[in-house]
Amino acid sequence: MFTAPVDVYLHEFSHVLPDLIFISTENLAIIDYKDGIIGVPDLVVEIISPSSIYKDRVMKNNDYQAAGVPEYWLVDSKNQAVEVYENINKAFHLFSFAAETGKIQSKLLQGFELDITTIFPPEQ
């Protein structure tokens, strides 16, 4: 697991800086501790801010889909929501979603479940 800032080179012409990156033990060879991640991570998480909505929802989304990133999460703090997408044939499909309350699951990390109130606590 890596947190920003870490350079990710999905391919020769695509460089991104995701907020969180997960690489499985099977793919550890893509980690270059000097230059960053050279290849496609297993899971990428982007935390949406007002200035990054278009970049995260459209530009990075398209880059991650085309590169074959298996799982992409969007964390939307304004709406207290988490969206989990799985990549099927280089197209993202919503796998799990929760807003304000509820749990999300990961397709990639079998058995992983996250109650989103742990990242978005209910107002007291």
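Numbers for the structure displayed
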quantity: Top-ranked residue in segment 40-70 [being in a loop (DSSP other than H, G, I, E, B) and modelled with pLDDT under 95; ranked as farthest from HIS11 (Cα to Cα)]; calculated: PRO50
quantity: Residue that is surrounded by the fewest Cβ atoms within 10 Å (Cβ to Cβ) [pool: residues in segment 70-80 that are in contact with a helix residue (DSSP H, G or I) (Cβ under 8 Å, 6 or more places away or on another chain) and closer than 12 Å to GLU46 by Cα]; calculated: LEU74
quantity: Contacts under 8 angstrom Cβ, first residue in segment 1-24 being surrounded by fewer than 12 Cβ atoms within 10 Å (Cβ to Cβ), partner assigned to a strand (DSSP E or B), 6 or more apart; calculated: MET1/LEU20; MET1/ILE21; MET1/PHE22; THR3/LEU20; THR3/ILE21
quantity: Matching entry among GLU86, GLU123 (being assigned to a strand (DSSP E or B) and either of a type outside the set (Gly, Ala, Ser) or surrounded by fewer than 11 Cβ atoms within 10 Å (Cβ to Cβ) (or both)); calculated: GLU86
quantity: Count of residues meeting criterion [aliphatic (A, V, I, L, M) and either assigned to a helix (DSSP H, G or I) or free of Cβ contacts under 8 Å to residues at least 12 places away in the same chain (or both)] in segment 25-39; calculated: 4
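The values are calculated or read from the model by the stated rules, or taken from the named source; none is laboratory data. Since we're looking at a predicted model, the values are computed, not measured. Neighbour counts run over all protein chains shown; Cβ positions are idealised from the backbone, glycine included.
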